[in-house]
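The values are calculated or read from the model by the stated rules, or taken from the named source; none is laboratory data. These numbers were taken from a predicted model, which means no experiment stands behind them. Here the Cβ positions follow ideal geometry from the backbone for every residue, glycine too, while neighbour counts run over all protein chains shown. Note: areas computed on protein heavy atoms with side chains; ligands, DNA, RNA excluded. Shrake-Rupley method; radii C 1.70, N 1.55, O 1.52, S 1.80 Å.
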Amino acid sequence: EETLVDPINNPTSGLSETHGWVFDVPARKKAKPIPLKGLGRFEHEAVAVDPVTGIVYESEDTGRSGLYRFVPRRWGDLGSGKLQMLRIKGLPQFNTGKGVPVGAIFNVDWVTIKEPEKRDDSPGDGLGVFAQGYAQGGASFVRGEGMWYGNGRIYFVSTSGGNAGKGQVWELWPRKDQIKLLYESPAGQAVDGPDNIAVSPRGGLLLCEDGGSDPKRMKGLTVEGEIFDFAHNNVVLAGQVNGFTGDYTPQEWAGASWTPNGKWLIANIQTPGITFAITGPWKNGAL
């Protein structure tokens, strides 16, 4: 849940339950609406699971955000374990948002969050979890968003990070406890606010923009670090699809994901809500 609304701090919301939690939604059976409170209460954005260890990595979509991991006591059981926040060794409270050269590699460790259910640090700020990790030297990112497991690594996005404020792509090596700044946008013409991210079957990255560009784009990032336009949002409708009318080109791509056989890329235009299935000669392409 990417919201911290609750009946105490928002008495006019009409809600009876607190929010800011993670829920487990099985693909093949009914879900139980029970919050997994051990995974923390904050403005959650994305998640990636390391299938080897079962560790769950989480991003936080705020201006000062942490990168978190939940280490379960048993593989696949998210009911118990410990929540931790990334810290860069030798650089306590490091701000990753500016001044980091592309290709820089940092050794990291993880600090444990003692109160994962804490909502606020100061009244209404929603940083109760982040502040605990930061006080122990945890690193800060600028709007952590998309996250994906692939190539034995965790890729994640800082949507507003970088010297230009147009976004960064980071690579975490769980087995080495290292992170690397893989890409930083120098200007909006290159990449404007990367959000959702996906790893292609060949190991390249696909970035869905959520910045100011019009039309919105999906950008490809090759394994060699080259960025290119993959697709534009050219959706302008005059009622021919479910009665929708308007220019939707400023609306973001979202939810990009390849099918298990690697043949189809599924991607959405968030508004008005359109899903595309895209195929092609992937083996001959840049991704």
Student exercise, the chain dipole from Lys, Arg, Asp, Glu Cβ charges, in Debye to nearest 20: 1100
Top positive-direction residue, dipole computed over the chain with Cβ charges, set Leu287, His44, Gly273: Leu287
Distance histogram for the chain (every C-alpha pair counted, 5 angstrom bins, percent rounded to whole numbers): 1, 5, 11, 15, 17, 17, 15, 10, 5, 2, 1, 0
Linear extension gain, Val223 paired with Val236, 0.36 nm per residue minus alpha-carbon span: 1.4 nm
Ranked by how many other beta carbons lie within 10 Å on average, peptides 146-158, 98-110 from highest: 146-158, 98-110
Integer Hz, Karplus 6.51/-1.76/1.60 couplings in order for segment 192-207, x for Gly and Pro: 10, x, x, 10, 5, 9, 9, 9, 6, x, 9, x, x, 10, 10, 10
Lys219, Lys30, Lys166, reordered so the largest accessible area comes first (probe 1.4 Å): Lys30, Lys166, Lys219
Residues whose placed amide H lies under 5 Å from that of Phe230, excluding near-sequence neighbours: Met218, Lys219, Gly220
Net +/- balance of residues flanking Leu205 in space, Cβ distance below 10 Å, scoring K and R +1, D and E -1: 0
Surface share of carbon and sulfur [accessible, 1.4 angstrom probe, percent] for segment 160-287: 50
Of Lys98/Lys180; Lys82/Lys118; Lys37/Lys166; Lys29/Lys118; Lys82/Lys263, those spanning more than 26 Å from alpha-carbon to alpha-carbon: Lys37/Lys166; Lys29/Lys118; Lys82/Lys263
Ordering of 16-25, 32-41 by packing [mean C-beta count within 10 Å, highest first]: 32-41, 16-25
Net length gained if the chain between Thr259 and Arg73 were fully extended (0.36 nm per residue, minus Cα distance): 63.9 nm
Other-chain or far-sequence residues with amide H under 5 Å of Gln136's (modelled H): none
Long-range HN-HN contacts of Met147 with modeled amide H, under 5 Å: Val47, Ile197
From phi via Karplus (6.51, -1.76, 1.60), per-residue ³J(HN,Hα) for segment 120-127 in Hz, x at Gly/Pro: 10, 8, 10, x, x, 8, x, 10
Calculated log₁₀ intensity ratio I(q)/I(0) where the Debye formula runs over C-alpha points of segment 1-88, q = 0.27 Å⁻¹: -1.42
Average accessible area per residue (Å²) across the chain - probe 1.4 Å, nucleic acids and ligands excluded: 48
Pairwise FRET efficiency - Leu15 versus Leu91, Cβ, R0 = 30 Å, nearest 0.05: 0.15
Within the chain, helix-based [θ] at 222 nm, where runs of 4 or more DSSP H residues each add -39,500 (n - 2.57), nearest 500: -500 deg cm²/dmol
Spread of Cα-to-Cα distances over 10 Å intervals beginning at zero, given as percent, for segment 144-287: 12, 42, 34, 11, 2, 0
